[in-house]
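Structure first, commentary second.
The values are calculated or read from the model by the stated rules, or taken from the named source; none is laboratory data. Since the model is a prediction, treat every value here as computed from it, not as a measurement. Using ideal geometry, Cβ is built from the backbone for each residue, glycine included, and neighbour counts are taken over all protein chains shown. What goes into the accessible areas is simple: the full protein's heavy atoms, side chains included, and nothing from ligands, DNA or RNA. Shrake-Rupley method; radii C 1.70, N 1.55, O 1.52, S 1.80 Å.
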Amino acid sequence: MAAIQVNHLSKSYGSFQAVDDISFEVEAGAVFALLGRNGAGKTTTIELLTGFRRPDAGTVRVLGLDPIRDRAQVRGNVGIMLQEAGFFPDLTAGQTVEIWRDFTPAARPASEALELAGLTAKAKTKVRQLSGGEKRRLDLALALLGRPDVLFLDEPTTGMDPEARRDVWEVVRDLAARGTTVLLTTHYLEEAQQLATNLAIMDRGEIVVGGDMAETLAARVGRVSFELPSVVQPGELPLPATVRGKVAVVQAADPDLAAQTLLSWASERGLRLRGLEVRTASLEDLFLELAHNGETAQNSTTTRDARA
Amino acid sequence: MSLTATYKLSARLFWRDKGMLPASVITPLGLAIGMPTLMRNVTAGGVTAAAQMFVGTLALILSGTAFLNITVALTMRRDQLLLKRLRATRLTDRQILLGEVASTATQTVIVMVISAVAVHLLADVPLPRDPVLFAVFAVAGAAVMATLGVAWTAAIPRGELAAPMTLPFFFLAGLASGAMGPIVDLLPSWLHPFFAALPTSAVVDVVRASYGPGTLGSDLAAAAVPALVLAVWAGVALLSIRRWFRWETRKS
């Protein structure tokens, strides 16, 4: 059974449609990335999944339970790292974890949670003296206290330096390897690509792209480019290509396979494909492509304002 | 159990909140001990006047230590998204609020007992004849005032407005119960039933009976109407919380 099931979920604030009829599933043990620009609806989606907000329409199931109706039960099995939530500024990081242990049945030892989040050295520091990145780590420590089956991370590494970010990735990978289901939102494309097995890209409340990370990337923008030999007409190529000047570009779900096909086709004819480039898609390509489409669409309609 | 956890957290935060202690403890305690002691020493019928005044000042403790304090604390925690964070844990909404109410009520009763002992030592005010009656209404009154404070947060848009929007009740409660002297007698008589219907006045009336002469029967009779008054206020508070309580600041 999928750990998270979302069916035709919608939520609006007044006339602003924050989440617009989205559906997706996250398999147990998968890492699912929810991407999108500010105001795309990521945080609202997480708040609906964690039962902080009531959907206008549609259903959410986390571990088969309704996060609002069965909140206490769901909370026992999930860890939540909110994008925005306060701490008691005069308590130390260690005291905060200790107090949260009282709220958490079968909690990890405080030292273990701090260690996991890389905060051991700051255990005796007051929360008000922690940096932004350190507060995110404390947030992570609290989310991990109850050894959750499902972990919701809303922009987990915002404000962290690259090293800290890599540490957190390591923790998330490790948890996922042991079967924890992770749903995270992020601005960092690299983060999503490093961690996630599945993704959904949101724009204006809708999921515009979704599915398996590798497949999605490959299907969208994998490409092979080369100089078209002067003796060859584009129509003769074994794969459909677009030609701009001398350069032919083949878009393909599997660019490696496409390159092999092209190369063996060329060698059979004694041709050389100069300047051959095989490019697997990166999430950034996909994102830029979508952003570009979005802008085109936006220019033709009236501009809607974004909201986080 | 988790209710104990929220209770402990709330109590710990109460005594650590240096910004709030002057309003939540020092002022009510200072008035409840200082004013009767002053009366004892400056008026002719000293002890009677002191006792009279002391019982009235309990309304200040109820509205300062219970009502004002919980309103400010909860509104601040709501603004700082601390309530939201608490709700991200296993705790239920009920446990979070009940922990706050129970802890606030406990601190309030502690302050009431300290002041009763202090005026006994400093102003010769006798201890209550019926300590059980005193205790029952101190606890019930503190709990109802704390619950009303939780309800009142819904009317407050943001943290900085919590104190100014709550202080008038502090003065009203003190005025109505005679903590500021017999000013009530100077006000139009049609206002009297209104003052008597305040939850703080209900507690003060019964505590007054617990200090005065009487029997079990007369104590029960004195407690009947105030108990009803408190029950109605408790109902109003609970219904308002159910209907209007907000865990986060309003968006936009």
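Remarks
- Test: residue in region A:194-211 that is at pLDDT below 85 and of a type in the set (D, E, K, R): no
- A:ARG204 vs. criteria open to solvent by less than 70 Å² (accessible area, probe 1.4 Å) and among the basic types (Lys, Arg): yes
- Restricting region A:72-96 to residues that are farther than 29 Å from A:ALA3 by Cβ and not small (Gly, Ala, Ser), the residue that is farthest from the other protein chains (Cβ to nearest Cβ) is A:THR92.
- Considering residues of region B:33-79 that are under 16 Å from the mean Cα position of the chain (by Cα) and within 14 Å of chain A (Cβ to nearest Cβ) only, the residue farthest from B:ARG250 (Cα to Cα): B:ALA73
- Verdict on B:ALA234 being touching a Gly at 6+ places or on another chain (Cβ under 9 Å) and of a type in the set (A, V, I, L, M): no
- Scanning region A:48-57 for residues that are touching a strand residue (DSSP E or B) at 6+ places or on another chain (Cβ under 6 Å), farther than 17 Å from B:ARG87 by Cβ and among the hydrophobic types (A, V, I, L, M, F, W, C) turns up at least one hit.
- Restricting A:SER12, A:SER23 to residues that are within 26 Å of A:LEU195 (Cβ to Cβ) and either hydroxyl-bearing (Ser, Thr, Tyr) or outside the structural domain of A:TYR188 (by TED's automatic domain parsing) (or both) narrows the list to A:SER23.
- Filtered by the rule that a residue be out of contact with any Ser or Thr (no Cβ under 7 Å at 6 or more places or on another chain) and either open to solvent by less than 40 Å² (accessible area, probe 1.4 Å) or free of Cβ contacts under 8 Å to residues at least 12 places away in the same chain (or both), region A:123-133 gives A:GLN129, A:LEU130, A:GLY133.
- Pair list, Cβ < 9 Å and 6+ apart or interchain, from region B:96-120 residues that are free of Cβ contacts under 8 Å to residues at least 12 places away in the same chain to residues that are surrounded by 18 or more Cβ atoms within 10 Å (Cβ to Cβ): B:ILE110/B:THR65
- Exactly one residue out of B:PHE169, B:PHE134, B:PHE195 is open to solvent by 70 Å² or more (accessible area, probe 1.4 Å) and part of a helix (DSSP H, G or I): that is B:PHE169.
- Failed criterion for A:ALA258 (all others in (1) at pLDDT below 75; (2) open to solvent by less than 60 Å² (accessible area, probe 1.4 Å); (3) assigned to a helix (DSSP H, G or I) hold): (1)
- Selected residue (only one of A:ILE68, A:ILE22, A:ILE99 is more than 19 Å from A:MET1 (Cβ to Cβ) and at the interface with chain B (Cβ under 9 Å from one of its Cβ atoms)): A:ILE99
- Among the residues of region B:80-110, those that are at the interface with another protein chain (Cβ under 8 Å from one of its Cβ atoms), in contact with a helix residue (DSSP H, G or I) (Cβ under 6 Å, 6 or more places away or on another chain) and open to solvent by 10 Å² or more (accessible area, probe 1.4 Å) comprise B:THR89, B:ARG90, B:THR92.
- Top-ranked residue of region A:1-48 - restricted to ones that are among the hydroxyl-bearing types (Ser, Thr, Tyr) and farther than 22 Å from A:TYR188 by Cα, ranked as surrounded by the fewest Cβ atoms within 10 Å (Cβ to Cβ): A:SER15
- Residue match in region B:237-247 (condition: modelled with pLDDT under 95, open to solvent by 20 Å² or more (accessible area, probe 1.4 Å) and within 14 Å of another protein chain (Cβ to nearest Cβ)): yes
- Look at (1) closer than 20 Å to B:ALA142 by Cα; (2) crowded, with 17+ Cβ neighbours inside 10 Å and you find that B:ALA50 fails only one, number (1).
- Annotation note: of A:LEU151, A:LEU183, A:LEU195, A:LEU145, the sole residue that is within 14 Å of chain B (Cβ to nearest Cβ), under 14 Å from the mean Cα position of the chain (by Cα) and buried (at least 21 other Cβ atoms within 10 Å of the Cβ) is A:LEU151.
- Checked against (1) over 23 Å from B:ASP17 (Cα atoms); (2) open to solvent by 50 Å² or more (accessible area, probe 1.4 Å), B:GLY56 meets all criteria but (2).
- Selection count where residues are surrounded by fewer than 16 Cβ atoms within 10 Å (Cβ to Cβ) and within 10 Å of another protein chain (Cβ to nearest Cβ), scope region A:102-122: 1
- Odd one out for B:ALA224, checked against (1) within 14 Å of chain A (Cβ to nearest Cβ); (2) of a type outside the set (D, E, K, R); (3) without any contact (Cβ under 8 Å) to a residue 12 or more places away in the chain: (1)
- For region A:44-65, a tally of residues being within 11 Å of chain B (Cβ to nearest Cβ), touching a residue at least 24 places away in the same chain (Cβ under 8 Å) and either among the acidic types (Asp, Glu) or farther than 21 Å from A:ASP20 by Cβ (or both) returns 0.
- Failed item, numbered, when A:ARG137 is tested on (1) under 30 Å from A:ARG61 (Cα atoms); (2) more than 14 Å from chain B (Cβ to nearest Cβ); (3) assigned to a loop (DSSP other than H, G, I, E, B); (4) open to solvent by less than 40 Å² (accessible area, probe 1.4 Å): (3)
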